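Asks: Just dropping this structure here.
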């Protein structure tokens, strides 16, 4: 069979290192490349599909010059769920890795390949191997791994014990040296001292300087691949967004089929499937290749914006991968004060347990968009875990070394922390520095993002007794800006926003008014539900109370609105279904007895359907006796829990009664007289211990213990109608019908 080669494409960011005279260092080391001799990619034909990003020849090895000690180098490539969708059920049976010559493998002691489902997730399979140097190594997995739905990561790690100083040549990552048509360069790597650095919580660097990593995964038992299939593999966009400012979304379109495509449409859609932006594409996309399509969107409202990428191809044979995972980002009401792009945060510092400061600067000449407005919050991001950081406060100054015009202590969280200013700060046409002070028991406390343009005003930094410095003023300028964002508003926002559900699952919102506020705009899931509301409370209704929601409230001011106060709440009511639905036939298939298990919480009422027809509503027991069904066909019974005006998911049972097989009559008995207006006598051929009288609606109306095979019951108090007698013995149950008149 022909070998199917799958080339998959993603975009990565680079990470660099630098050390100045002040011992100012970045968190991650740089992978250093060394040119080596060309070695053609292994081309041995296999009856498999091939997972790789490598489209050219191997020409460079990467690693670093380490100090003495045990060092680990890890490299991997990752594939999205959309890219792997057509390979579910196949088996990954071999991973191939090229290992360079001994010249670049100083101190080498061990190598292993491994598999994960996400870059930061746990390792699901790992296997050591003894590599052949200067060649491709084909590692057949002792336990081939079945491809399941979701992402896939394949990688390897080498171990080196180094004794030489100062430079030990360790460069086990062999890659191409030029951009190829399937991937514009880049893979993931870690250079470190932790033997489990590639496992759960791995902090990967993303390399884009050269080509692609030499690693391949071979699949067997590959399902038939559709001819026409385009997938919206990933969706990305820089997170710093504000109302009425055009922003760009990038949809990575992957050709998961076997035929090239040159006529398709890419869209950005919101949570309600409204199209926010669209682009028709006529450039050819080869089978197995991917391309990035940029689409401009202009946000129209502040709050949370959830969007997805969608690809539309006429004749697409697999619609399940046409829409990407959602990208959820915040839209600021107006332009924030920031130089970073609010993307992935790395760290710099002068060491652990040292006081640090960081700030961004806006000179008078740059205050035009902000003068006359208010600074309502300062958002900061640190690199170490929040549990290691102390003595935190945000501040505002007119110069780096001046006194604080405003300061406020805060408790940091992991990732970005929004510090809502107790007193909004009025912005004037003057120089301003927005910053923070803190220290950590770990190194690299100063959070920064890698983005362009790199500006002097974007990265003032200071630690210990060192003077203030700046990324852009280093001997080798560093492409970083401080992770600091000043949230600007036309006026001060509400505070202390809370939401509580009423007994009817309406949402009662309450908040505190800032000075001067007279009107408010209220949003649910970024959609305006009430404009110019004049009270500090609002009752929201008419929403789906069985799912969670996000509410936000802004102050309406000067034909604009403030920053939003936001609160989220889970579903008001969880309508869990009934479970364990059973159907038992009795009385020669004339009776179907339904029974089920009630959910832990619920109304205790049920709607019962037979063959899509509602046969009883608001039934209050977990059993029901059905006598009006066609016993000569297969019937489908459904039980749904009643949840206010809604129903739960169904519990379903399909059954056909065959005489002598499904019947459950174990004891023959008679009922006389029948019909009756007073007493009935039940006579059985064998003794039974329990007798029950059941109404036509399945409710037990009489029940008593019995010690022999004959019993008399007074049913005169029962309402006229059809009833059933069920006797229970050690051998089973039997049911017969009688009429009370």
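Each value in this text was obtained by applying a stated rule to the coordinates, not by laboratory testing. These numbers were taken from a predicted model, which means no experiment stands behind them. In this analysis, Cβ positions are derived from the backbone assuming ideal geometry, glycine residues included, and neighbour counts consider all displayed protein chains.
Asks: Kindly state, to the nearest 0.05, the FRET efficiency for residue 513 paired with residue 473, given R0 = 51 Å and r defined as their beta-carbon distance.
Replies: My answer for the efficiency is 0.70.
Asks: When a footprinting reagent is the concern and you count Cβ atoms within 10 Å, what order do 278, 695, 712 take, fewest first?
Replies: 712, 278, 695
Asks: Kindly state, as a whole number, the per residue volume in cubic angstrom of the convex hull around the alpha carbon atoms of the stretch 187-228.
Replies: Value for the stretch 187-228: 176 Å³ per residue.
Asks: Going by a ≥ b ≥ c, the root eigenvalues of the Cα gyration tensor, does the stretch 579-655 fall in the rounded group (a/c under 1.5), the prolate group (a/b larger than b/c) or the oblate group?
Replies: prolate
Asks: Based only on other Cβ atoms within 10 Å, what is the fewest-to-most ordering of 460, 689?
Replies: Listing 460, 689 from fewest to most nearby Cβ atoms yields 689, 460.
Asks: Another question about this same structure. With an 8 Å cut-off on Cα pairs and a minimum separation of 6 or more residues, tell me the relative contact order of the chain in percent.
Replies: With pairs under 8 Å counted, the relative contact order is 8 percent.
Asks: Rounded, prolate or oblate: pick one for the stretch 190-289, where a ≥ b ≥ c are the square roots of the eigenvalues of its C-alpha gyration tensor, a/c under 1.5 means rounded, and failing that, prolate if a/b is larger than b/c, else oblate.
Replies: Judged from the Cα gyration tensor, the stretch 190-289 comes out oblate (a/c at least 1.5, b/c at or above a/b).
Asks: With just the Cα atoms defining each centre, how far is the stretch 265-339 from the stretch 69-146? Give it in Å.
Replies: Their Cα centres are 33 Å away from one another.
Asks: Placing one identical point scatterer on every Cα of the stretch 548-676 and ignoring solvent, what is log10 I(q)/I(0) from the Debye formula at q = 0.16, 0.22 Å⁻¹?
Replies: -0.86, -1.21
Asks: Sticking with this structure for a sec: State, as an integer percentage, the relative contact order of the stretch 669-740 based on alpha-carbon contacts under 8 Å between residues 6 or more apart.
Replies: 35 percent
Asks: If you average the sequence gap of Cα pairs under 8 Å that are 6 or more apart and divide by the length of the stretch 527-616, what percent do you get for the contact order?
Replies: 17 percent
Asks: Please report, in whole Å, how far the alpha carbons of the stretch 495-569 spread along each principal axis, starting with the longest.
Replies: So the extents along the principal axes, rounded to whole Å, are 37, 20, 16.
Asks: A follow-up question, please. What does DSSP give for the chain in terms of the percent of beta bridges that are antiparallel, rounded to the nearest 5?
Replies: In the chain, DSSP labels about 95 percent of beta bridges as antiparallel.
Asks: Taking the inverse of the average 1/r across all pairs of different Cα atoms in the chain, what Kirkwood radius in Å do you get?
Replies: In the chain this quantity evaluates to 31.5 Å.
Asks: If the viscosity is 1.306 mPa s and the temperature 10 °C, what translational diffusion coefficient in µm²/s does Stokes-Einstein give for the stretch 612-741 when Rh comes from Kirkwood over Cα pairs?
Replies: Here the translational diffusion coefficient equals 96 µm²/s.
Asks: When a/c is below 1.5 the answer is rounded, else prolate if a/b is larger than b/c, else oblate, so apply that to the stretch 445-500 with a ≥ b ≥ c taken from the square roots of the Cα gyration tensor eigenvalues.
Replies: prolate
Asks: While we're on this one: If you find the alpha carbon centre of the stretch 415-478 and of the stretch 591-611, how far apart are they in angstrom?
Replies: The two parts, judged by their Cα centres, are 61 Å apart.
Asks: Which whole-angstrom value gives the distance between the alpha carbon centres of the stretch 192-208 and the stretch 683-740?
Replies: 71 Å
Asks: Rounded to the nearest 0.05, what FRET efficiency do residue 352 and residue 317 have when you use their Cβ-Cβ distance and R0 = 41 Å?
Replies: According to the calculation, E is roughly 0.15.
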